Amino acid sequence: RGIIPENHPRRESLLIREKVVEGMMENVVVPQGLIAQGRGECFDYLLGERTQDFALRAIEVSAAMLVTAKSPVISVNGNMAALAAHEIVDLAKSIPAKLEVNLFYRDEERERAIERKLREAGAEEVLGVGKNASETIPELFSERRRVSKEGIYSADVVLLGLEDGDRTEALVRLQKKVIAIDLNPLSRTSLTATVTIVDNVVRAIPELKKKVQDVRNKDREELERLIKGFHNRDNLRSALRYMSERLAQLSLTL
Ligand code: ATP
Ligand code: MG
């Protein structure tokens, strides 16, 4: 951390990377999580490492979905906990939503390490750890399908980040509304989610908390209109167009 120079042009990105590495030292992140981070960094580069307009739109719609949900749940994996534990807990409290640890590579010790990290960040209840993950999602293999009965299993809206495509598809098939934070607009998760926020979790989660506070004062009809007027495919197209136009612009400046 101390060895990244203050004036390094990619300092922010390197600091984020350090957090994921630290997460691995704490048994919160698996080695595959480092690879996911690298893939994300590449897409973030194409976004100019900023929350763009299409992401802000998706964030506003997500806020509307979360505050009007009956039983909203935030699904937390290792990378999310390493990158934004405090921000996730703050967001959960402001909605309010439940927190559930949900891992692709399930391992009780790691679940406990993530739970600890969330509790240190102020979480009171953390679902999905050990025996609490007692329900199964149909059509998913082995341990990848275990979820908490009072959490994801009975949720109507699930917010997740850096999620695997198969698992997102399974939740959508169960009629859940899925909000995905994913830097890659072409991932299966991005294509199948109800709302995809094409942005870094580090920026998107605090922005989502701000929007939750904004939309809370609006009446329900207005929020429903906002949700109805959103088309995820169109928004993903905007993200891709932004990236390609930015690359074309950059090609002129070399
Ligand atoms: P899918 O299974 O949905 O097709 P994938 O197999 O390409 O996705 P995974 O490794 O399963 O990718 O999921 C990780 C996803 O999270 C990738 O799309 C990656 O771009 C994205 N990602 C990585 N780091 C971040 C981050 N900090 N914020 C948001 N998204 C991220
Ligand atoms: Mg995958």
Cross-link pairs 131/218; 131/211; 149/210; 117/228; 19/228; 19/218 - those with Cα-Cα distance over 31 Å: 131/218; 131/211; 117/228; 19/228; 19/218
Accessible area of the chain divided out per residue, in Å², using a probe of 1.4 angstrom: 50 Å²
Mind checking the dipole of region 104-254: about its Cα centre, +1 per Lys or Arg Cβ, -1 per Asp or Glu Cβ, Debye to the nearest 20? 260 debye
Protection proxy ranking, peptides 146-152, 193-199, average beta carbon neighbours within 10 Å, highest first: 193-199, 146-152
Under a Cβ-Cβ cut-off of 14 Å, what is the net charge of the residues other than residue 24 that fall near it, where Lys and Arg count +1 and Asp and Glu count -1? -1
Alpha carbon centroid spacing (whole Å) that separates region 155-171 from region 1-74: 17 Å
What number do you get for region 75-177 when its Cα radius of gyration is normalised by 2.2 N^0.38 Å, N = residues? 0.98
May I ask you to evaluate 6.51 cos²θ - 1.76 cosθ + 1.60, the Karplus curve with θ = phi - 60°, for each residue of region 113-124 and list the ³J(HN,Hα) values in order in whole Hz, giving x for glycine and proline? 5, 5, 4, 4, 4, 5, 5, 4, 7, x, 6, 9
Sort 39-48, 82-91 for me by packing, meaning the mean count of neighbouring Cβ atoms within 10 Å per residue, highest on top. 82-91, 39-48
What list of ³J(HN,Hα) values in whole Hz, one per residue of region 37-45 in order, does the Karplus curve 6.51 cos²θ - 1.76 cosθ + 1.60 (θ = phi - 60°) give from phi, with Gly and Pro shown as x? 4, x, 4, x, 4, 4, 5, 5, 4
Go through region 148-160 residue by residue and turn each phi into a ³J(HN,Hα) via Karplus (6.51, -1.76, 1.60, θ = phi - 60°); whole Hz please, and just put x for glycine and proline. 7, 4, 8, x, 4, 4, 10, 6, 9, 10, 10, 9, 9
Asserting the computed 222 nm helical MRE of the chain (DSSP H runs at least 4 long, -39500 (n - 2.57) per run, divided by residue count, to nearest 500) equals -17500 deg cm²/dmol
Quick one: pull the percentage of alpha-carbon pairs in region 125-254 with a separation above 25 Å. 37 percent
Charge tally in the Cβ shell below 13 Å around residue 96, where Lys, Arg are +1 and Asp, Glu are -1, residue 96 excluded: +2
Residue-count net charge about residue 212 - beta-carbon cut-off 13 Å; Lys, Arg +1, Asp, Glu -1: +1
Sorted largest first, extent of region 80-121 alpha carbons per principal axis (Å): 29, 16, 15
Cα Rg over Rh - the chain, Kirkwood: 0.96
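The values are calculated or read from the model by the stated rules, or taken from the named source; none is laboratory data. Here the structure is a predicted model, which means the values were calculated and not measured. Reconstructed Cβ throughout: ideal geometry from the backbone, glycine too, with neighbour counts over all protein chains shown. For the accessible areas, the whole protein counts, side chains as well, though only heavy atoms, and no ligand, DNA or RNA atoms are used. Shrake-Rupley method; radii C 1.70, N 1.55, O 1.52, S 1.80 Å.
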